[in-house]
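I'd like to ask some things about the structure below.
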Amino acid sequence: MNYNFKYFLLAVFLTSLLNLQNSYAQNNESLKVIENGSGVWLKGDLHVHSRHSTESSNNSVAKIINFSKSVKMDYLCITDHDNHVNGDVAHHTWADPEFKSDSLLLLYGAEWTTTRGHGNVFSAKPYDHQRLFDVRDQRDVNIGKVKKSLNIHLSANHPSGKDNFGFSYDLVQSIEVWNSAVWPKNANAIMIWDDMLSSGRMMTGRGGSDAHHGTPAGAEKASENTYQAAYNYIGTPTTWVFVKERSLKAIVDALSHGKVAVSANPFSPRVEFYADASGTGKFEMMMGDNAISTGKPVKFQVQLMNNPLPNETYSVTVIKNGRKLNTYQVKGEVPVVTFIDTPDLKGRTYYRVMVEGKITDYPQVPKSMAVSEKMVSISNPIYFNFDDKF
């Protein structure tokens, strides 16, 4: 072999190795927050109806759990309408012999279904839901006292749609900003969320499929709503929570503290959002965190995880205080973008991220990608100068 050619091959090999090392180092830099945080992202659905919601069809508890396991969900909250059982969720959904799993974390919850709108309850343990149901038409101050005594997480459902949440948002810790696979109907929910954030409320944005109907199996017969399962079912969208341990309590805590991202489906990329507020070169802040502004520039990092499509270009839009700050185009195995901005020294400032692009295929719900349009994932905010005791 010609020596010049051998040296050429060696140079190509060394260059490729160096590029691989640089890529690995960049990916490790992107992931160091997760490693240092000693946590893990869990995915699940926070708004699903079983046969214990009377208008649901072909959707037994077992079917919901088995499907969730088949698409590698980590947790689930079955939120049946409490008014369909006169508030007695404990002796219906939770008492169902099928309400069990050896691998899926099952939150205790229900859809609080009232004249003034709907909300979801999330709890790490059984609670007396009957008490919350019984005060559904009372004044907000009385509802708040019951909610506090039950030690539950209350979340506003589909705030801008039918049966929108008509109570004080001071009753809730989170808001359903992405309801079902049909993304366009959530635009007003995002506006309400931005209003709440701009007013000083550190309110978690979360998703929920609100799936009511499954596909027939065995002796089951199709219903007039069976077609919906191909468009919207468990995981459309998927809500991701960053937890320190794999437990029900950790999931609820993450929901309460904004350690949450939402993606179009279980296979769609998840956006992660970090900040180096201390200027040390380490991204010590993540979604849900709050810091005192120094008036100096802050470096932020956005990364797409959970197998983004390597040949696709994603648009990353940064929202600052309800307005678009900038949009960036990213692609690659682990798409990453960094930017610098200065939070207000005295006033409140929050940043959040929205990612658009091609929706990853979800073969189990084959028509969901089209109705999700281009919305891939959304983050929760990073806050500056917010009052965490508001």
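The values are calculated or read from the model by the stated rules, or taken from the named source; none is laboratory data. For clarity, every value in this text was computed on a predicted model and none was experimentally measured. Cβ atoms come from the backbone with ideal geometry, glycine included; neighbour counts cover every protein chain shown. Just so you know, the surface numbers come from the protein's heavy atoms only, side chains and all, with ligands and any DNA or RNA stripped out. Shrake-Rupley method; radii C 1.70, N 1.55, O 1.52, S 1.80 Å.
Where the second residue is open to solvent by 70 Å² or more (accessible area, probe 1.4 Å) and hydrophobic (A, V, I, L, M, F, W, C) and the first is over 24 Å from residue 268 (Cα atoms) and lies in region 216-234, which pairs have Cβ atoms under 7 Å and are six or more apart or on separate chains?
That search, which allows pairs on different chains as well, returns 216/222.
OK, next. Would you confirm, using the coordinates I've provided, whether residue 252 is in a helix (DSSP H, G or I) and either farther than 17 Å from residue 113 by Cα or within 19 Å of the chain's Cα centre (by Cα) (or both)? Break it down into steps so the answer makes sense when it comes.
On the way: in a helix (DSSP H, G or I): yes; either farther than 17 Å from residue 113 by Cα or within 19 Å of the chain's Cα centre (by Cα) (or both): yes.
Answer is yes for this residue.
Here is a further query. Which numbered condition trips up residue 170, out of (1) touching a Pro at 6+ places or on another chain (Cβ under 7 Å); (2) of a type outside the set (A, V, I, L, M, F, W, C); (3) open to solvent by 60 Å² or more (accessible area, probe 1.4 Å)?
(1)
May I pose another question? Could you check region 134-169 and list, in sequence order, the residues that are within 21 Å of residue 108 (Cβ to Cβ), among the basic types (Lys, Arg) and not in a helix (DSSP H, G or I)?
Result: 136, single match.
Ok, one more. Grab the strands (runs of 3 or more DSSP E) fully contained in region 289-390, keeping just those with 1 or more residues being at pLDDT 95 or above and over 26 Å from residue 175 (Cα atoms).
Values: elements: 298-305, 314-320, 323-330, 336-341, 349-356, 375-379, 382-384.
Output list reads 298-305, 323-330, 336-341.
Per-residue answers, yes or no, for (1) modelled with pLDDT of 95 or more; (2) touching an Asp or Glu at 6+ places or on another chain (Cβ under 8 Å); (3) over 24 Å from residue 55 (Cα atoms); (4) not in a loop (DSSP other than H, G, I, E, B):
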position: 227; (1), (2), (3), (4): yes, no, no, yes
position: 233; (1), (2), (3), (4): yes, no, no, no
position: 241; (1), (2), (3), (4): yes, no, yes, yes
position: 266; (1), (2), (3), (4): yes, no, yes, no
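Any residue that is surrounded by fewer than 22 Cβ atoms within 10 Å (Cβ to Cβ) and under 17 Å from residue 88 (Cα atoms) - is there at least one of those in region 138-145?
Within region 138-145, not a single residue is surrounded by fewer than 22 Cβ atoms within 10 Å (Cβ to Cβ) and under 17 Å from residue 88 (Cα atoms).
Can you report the number of residues in region 186-209 which are open to solvent by 30 Å² or more (accessible area, probe 1.4 Å), in a loop (DSSP other than H, G, I, E, B) and of a type outside the set (Gly, Ala, Ser)?
To start, the set of residues in region 186-209 that are open to solvent by 30 Å² or more (accessible area, probe 1.4 Å) comprises 187-188, 191-192, 195-196, 198-199, 201-202.
If we keep only those that are in a loop (DSSP other than H, G, I, E, B) too, we end up with 199, 201-202.
Now drop any that are not of a type outside the set (Gly, Ala, Ser), which leaves 201-202.
Here the count works out to 2.
Still on this structure, I have one more. Where the second residue is open to solvent by 40 Å² or more (accessible area, probe 1.4 Å) and the first is under 21 Å from residue 229 (Cβ atoms) and lies in region 367-383, which pairs have Cβ atoms under 7 Å and are six or more apart or on separate chains?
367/231; 368/231; 369/361; 371/182; 371/231; 373/184; 375/356
What's the number of the only condition in (1) within 21 Å of the chain's Cα centre (by Cα); (2) surrounded by fewer than 20 Cβ atoms within 10 Å (Cβ to Cβ) that residue 387 fails to meet?
(1)
Step by step: first the residues of region 220-265, then only those that are open to solvent by less than 10 Å² (accessible area, probe 1.4 Å) and hydroxyl-bearing (Ser, Thr, Tyr), then the one that is nearest to residue 306 (Cα to Cα). Which residue is that?
263
While we're looking at this one, here's another question. Going through region 90-117 one residue at a time, which ones are open to solvent by less than 20 Å² (accessible area, probe 1.4 Å), part of a loop (DSSP other than H, G, I, E, B) and within 25 Å of residue 161 (Cβ to Cβ)?
93
May I ask you to verify whether residue 120 is of a type in the set (S, T, N, Q) and in a strand (DSSP E or B)?
On the way: of a type in the set (S, T, N, Q): yes; in a strand (DSSP E or B): yes.
Yes: the conditions hold for residue 120.
Still on this model: If I filter region 342-364 for residues that are open to solvent by 40 Å² or more (accessible area, probe 1.4 Å) and free of Cβ contacts under 8 Å to residues at least 24 places away in the same chain, do I get at least one hit? Write out each step before concluding.
So in region 342-364, the residues open to solvent by 40 Å² or more (accessible area, probe 1.4 Å) come out as 342, 344-346, 348, 356, 358, 361, 363-364.
Okay, now just the ones that are also free of Cβ contacts under 8 Å to residues at least 24 places away in the same chain, so 363.
Yes, region 342-364 has at least one match.
Restricting attention to region 273-283, and to residues there that are over 19 Å from the mean Cα position of the chain (by Cα) and within 22 Å of residue 201 (Cα to Cα), which single residue is least open to solvent (accessible area, probe 1.4 Å)? It would help to see each step written out before you state the result.
Filtering region 273-283 for residues over 19 Å from the mean Cα position of the chain (by Cα) gives 275-283.
Filter once more, keeping what is within 22 Å of residue 201 (Cα to Cα): 275, 277.
Working: 275: 0, 277: 29 Å².
Result: 275.
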